[in-house]
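This report refers to the structure that appears directly beneath it.
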Amino acid sequence: MKLSILDQSPISNGQTASEALEASGKLAEVGDRYGYTRFWVAEHHALPSLASSAPEVMLGYVGAHTKRIRVGSGAVLLPYYKPYKVAESFNMLASLFKDRVDIGIGRAPGGPAEASEALSDGFLQQVFKMPELVDELAGYIDGEGDLTANPEPPVKPALWMLGTSRKSAAFAAEKGLSYCFGQFMSEEDGKEILAHYRENFTPRSKGQSPETIMGVSVVCGETTEAAHDIAYSWLIWQVQQSHGETRGIPSIEEAKACELTKEDEEKLQAMRDRMIIGNPDEVVDELKRTQEASGVDEFMIITITFSSEDKRNSYRYIAEALDDK
């Protein structure tokens, strides 16, 4: 079973953005050491509790501090950018880090409307042009046409489409892109969506086959009880964000002290039901059951905790438990 890491550089209460980014770098080193396949960096804008606004910058740091793990964007929000510039940035990363660079692309705004307006003149119009933007980017990456996106790397970056719906899966299949389904952000049936993608996949190049990842929210602790305590910080943080609060991730003690309405408790339970929370054996067993049901090739795990050490341990516990089974 292939496992990978998606990181948003979340900022905990009492932590600075610099410290959150440093923690992301240390997490990438853990992933490299414990055999994770990829380390992808998310893109968000004008969200005070998330430090990751420029994946291509962070990936230069991550790539330089790792040796084996693939590094990539999860995702570059393509409607904000000219495809040529994206191709140049990732060709440069691939020239530095050879055969371990991914370009994950998405079309979500990744932040409030004010940020979208500041980043792009006509974001929605660019979203409607997504098919043309993807074709243009793929052309530059594949080296087609008269204009070259320099530097030309020894191995081309791999193109991935990220999404949370059947529509994004159909788009990826039509364009011959590998596909990552964000189950942790979607209430739709990942099994059905991935099956639709595989059935309708049209290769972009000779010999290409459909490749799939499922993004899942996981918290693994030394014990089941510890895992649920650690996960509670993230759950309360999500409830706070739903109320428009912009504070960082609360500590376990702060989370337990929060008063919840009945609606908050229902929301919290619904989020908990979409997560995988438990001790190492429980988490690995659930991942295996999900893989058997969906046929997914790989899991992209997102783990958000108050403590950076708890986060690193969560990924370590899962890798060690998988090796033991």
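Only the coordinates and a few stated rules stand behind these numbers; no lab work does. Quantities reported herein were computed from a predicted structural model and do not represent experimental measurements. Cβ placement follows ideal geometry from the backbone for every residue including glycine, while neighbour counts extend to all protein chains displayed.
Counting every Cα pair in segment 65-116, what percent are over 15 Å apart?
52
Suppose R0 equals 51 Å. What FRET efficiency, 1/(1 + (r/R0)^6) with r the Cβ-Cβ distance, do Lys129 and Asp285 give to the nearest 0.05?
Result of the calculation: an efficiency of 0.70.
If you line up the long axis of helix 83-97 against the longest principal axis of the chain, both from Cα atoms, how many degrees apart are they, to the nearest 10?
Rounded to the nearest ten degrees, it is 70.
Using only Cα positions of the chain, each an equal point scatterer, no hydration layer, compute I(q)/I(0) via Debye at q = 0.07 Å⁻¹ and quote the log10 values to two decimals.
Cα-only, vacuum Debye calculation for the chain: -0.27.
Between Glu265 and Glu225, what is 0.36 nm times their sequence separation minus the Cα-Cα distance? Round to one decimal in nm.
Additional length available on full extension: 12.5 nm.
Please work out the FRET efficiency for the pair His65 and Glu245, using the Cβ-Cβ distance as r and a Förster radius of 25 Å; give the result to the nearest 0.05.
Computed FRET efficiency for His65 and Glu245: 0.15.
With each pseudo-label sitting 7 Å past Cα toward Cβ, what's the Leu147-Ala113 distance in nm, one decimal?
3.2
Could you work out how far apart the two model spin labels at Glu29 and Ala17 are, taking each label as a point 7 Å from the Cα in the direction of the beta carbon, and quote it in nm?
A separation of 2.4 nm, rounded to one decimal place.
By how many degrees, 0 to 90 and rounded to 10, does the Cα axis of helix 308-324 deviate from the longest principal axis of the chain?
Once rounded, one gets 80 degrees.
I want to check the label-to-label distance for Val57 and Glu192. Put each point 7 Å from Cα in the C-beta direction and report it in nm to one decimal.
For the pair Val57/Glu192, the computed spacing is 4.2 nm.
So how do Ile105, Ile276 line up by other beta-carbon neighbours within 10 Å, fewest first?
Ordered from fewest to most neighbouring Cβ atoms within 10 Å, Ile105, Ile276 come out as Ile276, Ile105.
At a Cα cut-off below 19 Å, give the aspartates and glutamates reachable from Lys26, other chains included and same-chain residues fewer than 8 away excluded.
Reachable aspartates and glutamates: Asp7, Glu43, Glu56, Glu309, Asp310, Glu320.
Out of Ile252, Ser205, Val219, whose Cα points farthest toward the positive end of the dipole of segment 185-325 (charges: +1 Lys, Arg; -1 Asp, Glu; placed on Cβ)?
Value computed over the given set: Ser205.
Beyond 21 Å between alpha-carbons counts as too far, so tell me which of Lys98/Lys311; Lys256/Lys311; Lys98/Lys325; Lys2/Lys311 fall in that bin.
Exceeds cut-off: Lys98/Lys311; Lys98/Lys325.
Between Asp323 and Arg204, what length in nm is gained on full extension when 0.36 nm per residue of separation is reduced by their alpha carbon distance?
39.4 nm
Assigning unit charges at the beta carbon (Lys, Arg +1; Asp, Glu -1) and nothing else, what dipole magnitude in debye, to the nearest 20, does the chain show about its Cα centre?
Roughly 840 debye for the chain.
Once the Cα atoms of segment 21-135 are picked out, what are the Rg and Dmax in Å?
So, for segment 21-135, Rg and Dmax equal 14.6, 43 Å respectively.
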